[in-house]
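The structure under discussion appears below in the form of structure tokens.
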Amino acid sequence: MPRLRQPRSESPGQGTQRLEETLTALLPAARIRRIDRDTMRPRAWAELGEAVHGGEVDILVGTQMLAKGHDFPNMTLALILDTDGALYSPDFRATERLFAQLMQVAGRAGRADKPGRVLIQTAFPDHPLFRYLQRHDYPGYARELLAERKQLELPPFSRQVLLRARRPRWTRRWVFCSAPPRWRPSTQTSACSAPRRRRWRASPIWSARSC
């Protein structure tokens, strides 16, 4: 009888390679360069910069690597895909990081004297993050986040300790993670788990109010 493997909850996503293939099929005349860990080598950045500045590239397809510190003066359009994952992430800092990253990506389009345009794929266009992003209002969004975290007693209005246990057998990890530490710093205790590379990971979180 065949044995069932442990379930996987990670989303495979679209990936830069699949996106490159789709764009190549839709725009066969476009000169497309992909930027990710599979394509970029130590000397590849210099070659890419020369190609972009020389007008030899029409479309850049990349991961977060593309957003950091690169100057492409002829880039006037930035398209950001699949941003919604951070909006319902269990990490309460995810939206803050997303906002900063979107601001960084937007800075790549419309440099020098050329106007730029940024398009973001989302199923939640009315989310406060995008309203503040349109106004480039990071202080306003930060104030809203702080008010929300204060109401929910999240850091910086409380302290959290995260302990992770990894073992081949799930039952042993659960026994360890379900027992709070002897010093009991918490007013709230929660635990979550996710399969990862055939090993179960248990992550209990203890939080305590700041004094």
Self-check item: Qualifying residue in the range 55-63 (condition: surrounded by fewer than 11 Cβ atoms within 10 Å (Cβ to Cβ) and either over 22 Å from residue 107 (Cβ atoms) or acidic (Asp, Glu) (or both))
Solution: no
Self-check item: Search result, residues across the range 106-165 that are within 22 Å of residue 81 (Cα to Cα) and of a type in the set (Ser, Thr, Tyr)
Solution: 122, 132, 138, 141
Quiz prompt | Options 110, 85, 140, 116: the member that is small (Gly, Ala, Ser), modelled with pLDDT of 85 or more and in contact with a Gly (Cβ under 9 Å, 6 or more places away or on another chain) | solution = 85
Quiz item: So which pairs qualify, if the first residue must be in the range 134-154 and touching a residue at least 12 places away in the same chain (Cβ under 8 Å), the second must be polar (S, T, N, Q) and assigned to a helix (DSSP H, G or I), the Cβ gap must be under 9 Å, and the two must be at least 6 apart or on different chains?
Solution: 141/95; 145/95
Self-check item: Filter result for residue 97 (modelled with pLDDT under 90 and out of contact with any Gly (no Cβ under 9 Å at 6 or more places or on another chain))
Solution: no
Practice problem: Provide a single number: the residues in the range 2-32 that are at pLDDT below 90 and outside any helix (DSSP H, G or I). | Solution: 14
Self-check item: Selection status of residue 61, at pLDDT 85 or above, within 23 Å of the chain's Cα centre (by Cα) and more than 23 Å from residue 138 (Cα to Cα)
Solution: yes
Quiz item: Counting only residues that are free of Cβ contacts under 8 Å to residues at least 12 places away in the same chain and within 24 Å of the chain's Cα centre (by Cα), which one in the range 17-41 is surrounded by the most Cβ atoms within 10 Å (Cβ to Cβ)?
Solution: 39
Quiz prompt | Number of positions in the range 102-121 that are touching a strand residue (DSSP E or B) at 6+ places or on another chain (Cβ under 7 Å) and part of a helix (DSSP H, G or I) | solution = 3
Quiz item: Mind checking which residues of the range 49-101 are of a type in the set (Asp, Glu), under 17 Å from residue 121 (Cα atoms) and either in a loop (DSSP other than H, G, I, E, B) or not assigned by TED's automatic domain parsing to the domain that holds residue 23 (or both)?
Solution: 82
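The values are calculated or read from the model by the stated rules, or taken from the named source; none is laboratory data. The shown structure was predicted, so the numbers you read here are calculated from the model rather than taken from an experiment. Glycine also receives a Cβ, built like all others from the backbone with ideal geometry; neighbour counts cover every protein chain displayed.
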